[in-house]
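A short write-up of the structure that comes next.
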Amino acid sequence: MSQTTELIKLSELPHGTSAQLTDIRGGHQLTRRLLALGLRQGSVLQIVQRRGQGLVLATGAARIAVGAGIADKLWVTPQVTAPAAETADLNSTAEC
């Protein structure tokens with residue numbers, strides 16, 4: 001049950017994978033802009049659409065579009081789900 005803490009660029013995150021925003025490697029202005037949009041360190045987000053080099057992100061109920069330059073400055077930690085545990089839970093409920 002080891003969870004990796006591998007940081008990757010947001011632009012490299014696979015479509016539909018949830019991740020936690022871990023680091024913003026940009027200036028003060030970028031950080032302020034992202035905060036105004038509701039993105040901050042610790043936010044859980046997911047790529048819902050790729051539009052050229054840009055991305056549409058989902059965080060909570062919000063949808064936010066970011067360009068390729070910004071996506072390369074946002075570093076995330078992918079969240080790994082445990083499919084084996086989910087399968088075990090489904091099997092135990094099916095037996096009841």
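A compact table of results
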read-out: Near pairs, Cβ below 7 angstrom, 6+ apart or cross-chain, from the stretch 68-93 (farther than 17 Å from residue 56 by Cβ and hydrophobic (A, V, I, L, M, F, W, C)) to any residue that is modelled with pLDDT under 95 and assigned to a helix (DSSP H, G or I); value: none
read-out: Helices (runs of 4 or more DSSP H) (entirely within the chain) containing at least 3 residues that are modelled with pLDDT under 95, of a type in the set (A, V, I, L, M, F, W, C) and exposed (fewer than 13 other Cβ atoms within 10 Å of the Cβ); value: 83-95
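The values are calculated or read from the model by the stated rules, or taken from the named source; none is laboratory data. Just so we're clear, the structure is a prediction, and the values are computed from it rather than from any experiment. All Cβ positions, even for glycine, are placed from backbone atoms using ideal geometry, and neighbour counts span all protein chains on display.
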